[in-house]
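Report on the following structure.
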Amino acid sequence: MIKPESREIRTMELDIDSSFGWPIAMRPGGDCLNNKPDTNLQAIPYGQSKIEMRANDGANHIGPCTVYLVNPDEATDKLQIGQLDDCMRSLHPGPGNKGDAPIPAEMSINVPKSGLPCSPEHCVLEFYWEATHLDPHELFNNCADVTLSGSSGDNESNSTNSTTKTPTATPETPAATTRAPIITLAPPSSGMYVSIGTSGSIKVSMDKWCNQNCNNSPPYCPESICTTA
C-alpha cells in the first residue's frame, strides 16, 4: 500500500523497492500492527474512497485483499471496510513478469461514521493481502496511521462493512509487493538453500523462507534472494 503511506516507509524506513514488499514472515519488523506508529497522521474521508498499492518486479500475485480500521491501542479490535479478490490485478489483469516496472493497483474502501473501533482522531488502516500463488500462501500487510474527516465523492464500490475481533496474528497483512515467482528446475538432492546478502536474525528467517519456497512444487526461488547452499 502506497496511499495512504504506510508505517513501513515512514517509521520503519524500509526500501520501497525491496524489503517494503516482503511477506510478513521475512520482512524486518514483521506484522505492521507491531511497528512503530507514525505520529504524522494522514487524513482519509468518511464514505467511499480508494487506497493505492504497487507490486514490485512483476509480482502482482492472485489472492484476496481486505482492509480494516484498527484500534491503535487494541490490535484485535477491527472493522472491515473493504474487500477485493485479486486486488493486485485491479489495474493490470494479467500476471506481471520479473523485471517489470512497479505495477499499480487500487481498491475501494467505505468508512462509516458510526461503529468505529477507534477514535476518529487516530485509527490504523491495515491493508491485508493473502497471495495464493503458493502453498502455503504468502501473507502481507501494511499499516497507516490515519485520522478520519470529511467525505468523498468517489463512485460506489463493492466494499462491505462488518465488525470483527480477531487474534493479532490473524489476519496479518501484507505488504503489497514481493518478487515475481521464477519457475526453476527441481532442487538438487540436498534441497538446501540460503538467502543472499542477509545477516543476523533476518538471515535466519530468510534462510527458512528460501528453503521452504525453493523446495515448493512448483518452486518459487528468486535468484536475487536465494541460492543453493
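Worth pointing out:
- When the residues of the range 212-226 are filtered to those that are outside any helix (DSSP H, G or I) and modelled with pLDDT of 75 or more, the one that is surrounded by the fewest Cβ atoms within 10 Å (Cβ to Cβ) is GLU223.
- Listed by position, the strands (runs of 3 or more DSSP E) enclosed by the range 92-154 that each have at least 2 residues that are in contact with a Pro (Cβ under 9 Å, 6 or more places away or on another chain) and assigned by TED's automatic domain parsing to the domain that holds ILE81 are 123-131, 138-151.
- LEU79 being among the aliphatic types (A, V, I, L, M), in the same structural domain as VAL111 (by TED's automatic domain parsing) and closer than 14 Å to TYR128 by Cβ: yes
- Unique match (being at pLDDT 80 or above, closer than 18 Å to GLY30 by Cβ and surrounded by 12 or more Cβ atoms within 10 Å (Cβ to Cβ)) among SER195, SER205: SER195
- Among the residues of the range 51-92, those identified as charged (D, E, K, R) and touching a helix residue (DSSP H, G or I) at 6+ places or on another chain (Cβ under 9 Å) are ARG54, ASP57.
- Residues that are surrounded by fewer than 20 Cβ atoms within 10 Å (Cβ to Cβ) and assigned to a loop (DSSP other than H, G, I, E, B), drawn from the range 48-62: ILE62
For every residue, the table says whether it meets (1) closer than 19 Å to GLU138 by Cβ; (2) touching a Ser or Thr at 6+ places or on another chain (Cβ under 8 Å); (3) not charged (D, E, K, R).
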| site | (1), (2), (3) |
| --- | --- |
| LYS36 | no, yes, no |
| SER49 | no, yes, yes |
| ARG54 | yes, yes, no |
| THR66 | yes, yes, yes |
| GLU74 | no, no, no |
| LEU79 | no, yes, yes |
| LEU84 | yes, yes, yes |
| LEU91 | no, no, yes |
| GLY115 | no, yes, yes |
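Yes/no matrix, rows are residues, columns are (1) surrounded by 13 or more Cβ atoms within 10 Å (Cβ to Cβ); (2) at pLDDT 95 or above; (3) of a type in the set (Val, Ile, Thr); (4) closer than 17 Å to ASN56 by Cα:
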| site | (1), (2), (3), (4) |
| --- | --- |
| GLU74 | no, yes, no, no |
| ASN110 | yes, yes, no, no |
| GLY150 | no, no, no, no |
| ASN158 | no, no, no, no |
| ALA176 | yes, no, no, yes |
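Here is a yes/no grid of residues against (1) β-branched (Val, Ile, Thr); (2) more than 15 Å from the chain's Cα centre (by Cα):
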| site | (1), (2) |
| --- | --- |
| ILE16 | yes, no |
| SER19 | no, no |
| LEU33 | no, no |
| ASP38 | no, yes |
| ALA43 | no, yes |
| ARG54 | no, no |
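- Filtered residues of the range 27-59 (kept if within 26 Å of HIS92 (Cα to Cα) and at pLDDT below 95): ARG27, ASN56, ASP57, GLY58, ALA59
- Qualifying residue in the range 14-35 (condition: over 25 Å from THR132 (Cα atoms), of a type outside the set (S, T, N, Q) and without any contact (Cβ under 8 Å) to a residue 12 or more places away in the chain): no
The values are calculated or read from the model by the stated rules, or taken from the named source; none is laboratory data. Model, not experiment: these values are computed from the prediction. For neighbour counting, all protein chains shown are included, and Cβ atoms are generated from backbone atoms with ideal geometry for every residue, glycine included.
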